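Report on one structure; see the data block that follows.
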Ligand code: GDG
């Protein structure tokens, strides 16, 4: 073989997490878009995936080793202490970077101890990479938890090539500059050789921040990717919209067991129009705002009462962070207020599920839905929107999507775009979708994947990213 290097994938979490249940460990699929997207990308690629497994012990390591044997890549856990989880993961990553990068600076808790731990833990991940990597490997680091890791890999003298992909949005300079450690984060990102973003908006924001805060860095516009010059190094800055495996979702959605479950769901709703929302429990996903819009719909269009049902699936997430606990209370209060206001014999307007559905059930809901209501206040991409489109094998569903989701630019011809902060507009869009003639629905949703064979092809996102550093083994 010409090149014996491997792909080393590094993310805060592994695609599987260890959970203690009745005294023993169990392996579960990690929730969230990063795990879904990359697990499918990686399903055929040999290599190593480094990340936190949620727990550690001898028994846990054995389980991971067994899971590695069932995959083409091996799983290498990074151990985090309770304090590191609190200050690095919950603290710096999710109480500072997550809200700031989603344009919500008032939710940030700029605790300086979080920054100290963030640096320490980034060094820890870099050491874990150093331990197992060889110079010919390519190190692919994912997401906002590990923005400084290239700095520590460089300091350790590592020679492997590397790249970084940000799954969440990158904010404009007036938001980013609020970060006390803004220059260090930008320099840390520029320590990678390739830096990738979901959309042009994110890449342009990053470039504006560099120009504003690090004026000595030269930016060269180039096609297809921009370049930054730092001393004698050139860094590629590109846009790589994350994709799902469209064909895999579509072929799973037509399976007989999914079709049977879809019929069962529709029968139980006695022919009501089914509006579907699927999200992690996160304040960026706009769940309370969506519920308020649905309430306006029922108030303004009484003829829809008894005929339209919102099924809202909310996957538990980051429950240790106070803002997330408060969000759950807000959501549950709103659900019960709206159901209290409108429920009548035989009809409950909102069916609320606070749990993880199986992939099979999720697909059946995607197929059963008349309308998918996906209204994040801000979102890097939003894979649920793409999965819903892929599952539209009957071409009868309408997609309503927030203009602030990365997916909006790719799906704008198929979807109704809305501003999730405009509850009246969202209610109106729901009404438009509810009365839309079947031919218009079909014509819209058939425009969902005009470039299906390029952008939504299996592995397209990874192939596009890895083509930049010319990884010959990909
Ligand atoms: C981050 C960025 C970006 C949801 N409920 C269930 C379930 N899910 C799966 C969906 C989807 C994933 O979780 C959610 O992905 P999203 O992309 O919508 O959102 P985040 O978790 O916030 O992901 C995001 C993504 O990274 C990738 O780059 O798109 O912008 O925030 O795949 O299917 N899966 C199952 N049951 C559920 O109940 N099985």
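Please treat every number below as a calculation from the coordinates, not as lab data. In this text the structure is predicted, and so the values were computed from the model without any measurement. Every residue, glycine as well, gets a Cβ built from its backbone with ideal geometry; the counts of neighbours run over all protein chains shown.
Which FRET efficiency, nearest 0.05, do residue 79 and residue 29 yield, Cβ-Cβ r, R0 22 Å?
Numbers: r = 21 Å, r/R0 = 0.94.
It comes to 0.60.
Could you rank the peptides 432-445, 98-111 by their average count of other C-beta atoms within 10 Å per residue, with the highest value first? Don't skip to the answer; put the middle values down first.
Values: 432-445: 14.8, 98-111: 16.9.
Descending mean neighbour count gives 98-111, 432-445.
Could you sort the peptides 221-231, 66-76 by per-residue average Cβ neighbour count (10 Å cutoff), highest mean leading?
Values: 221-231: 12.9, 66-76: 15.1.
Ranked from most to least packed, the peptides come out as 66-76, 221-231.
Based on DSSP H runs of at least 4 residues, each adding -39500 (n - 2.57), what is the mean residue ellipticity at 222 nm of the chain after dividing by all its residues, to the nearest 500 deg cm²/dmol?
Values: 18 runs with 187 residues, N = 474.
Here the helix-only value at 222 nm equals -11500 deg cm²/dmol.
Among rounded, prolate and oblate, which fits the stretch 152-198 when a ≥ b ≥ c are the square roots of the eigenvalues of its C-alpha gyration tensor, a/c under 1.5 means rounded, and a/b larger than b/c means prolate?
It comes out oblate by the Cα gyration axes.
For residue 256 and residue 178 in one chain, what is 0.36 nm times their gap in residues minus the Cα-Cα distance, to one decimal in nm?
Working: separation 78, 0.36 × 78 = 28.08 nm, distance 5.24 nm.
The residue 256-residue 178 span can extend by a further 22.8 nm.
For a footprinting-style exposure proxy, rank 8, 207 by other Cβ within 10 Å, fewest first.
Numbers: 8 23, 207 19.
Going from sparsest to densest Cβ surroundings: 207, 8.
Where the centre of each part is set by its Cα atoms, how far does the stretch 7-38 sit from the stretch 98-131, in angstrom?
Their Cα centres are 20 Å away from one another.
Suppose we keep just the DSSP beta bridges with both residues in the chain; what percent of those would be antiparallel, to 5?
Numbers: 15 of 64 bridges.
Counting only bridges with both partners in the chain, antiparallel ones make up about 25 percent.
Can you figure out the FRET efficiency of residue 353 with residue 232, using R₀ = 60 Å and their beta-carbon distance, to the nearest 0.05? Write down the numbers at each step before the final one.
Numbers: r = 55 Å, r/R0 = 0.91.
That gives a FRET efficiency of 0.65.
Kindly rank 126-138, 85-97 from highest to lowest mean number of other beta carbons found within 10 Å of each residue. Could the numbers behind the result be given before it?
Values: 126-138: 17.5, 85-97: 21.8.
Highest to lowest by the protection proxy: 85-97, 126-138.
From the square roots a ≥ b ≥ c of the eigenvalues of the alpha-carbon gyration tensor of the stretch 246-455, which class results: rounded (a/c under 1.5), prolate (a/b over b/c), or oblate?
Numbers: a/c = 1.33, a/b = 1.19, b/c = 1.11.
Judged from the Cα gyration tensor, the stretch 246-455 comes out rounded (a/c under 1.5).
In terms of the Cα gyration tensor, with a ≥ b ≥ c the square roots of its eigenvalues, is the stretch 334-428 rounded because a/c is under 1.5, prolate because a/b exceeds b/c, or oblate? Mind showing how you got there, number by number?
Working: a/c = 1.78, a/b = 1.26, b/c = 1.42.
Oblate, because a/c is 1.5 or more while a/b does not exceed b/c.
Roughly how many whole Å is it from the C-alpha centroid of the stretch 208-275 to that of the stretch 381-408?
For the stretch 208-275 versus the stretch 381-408, the Cα centre distance is 11 Å.
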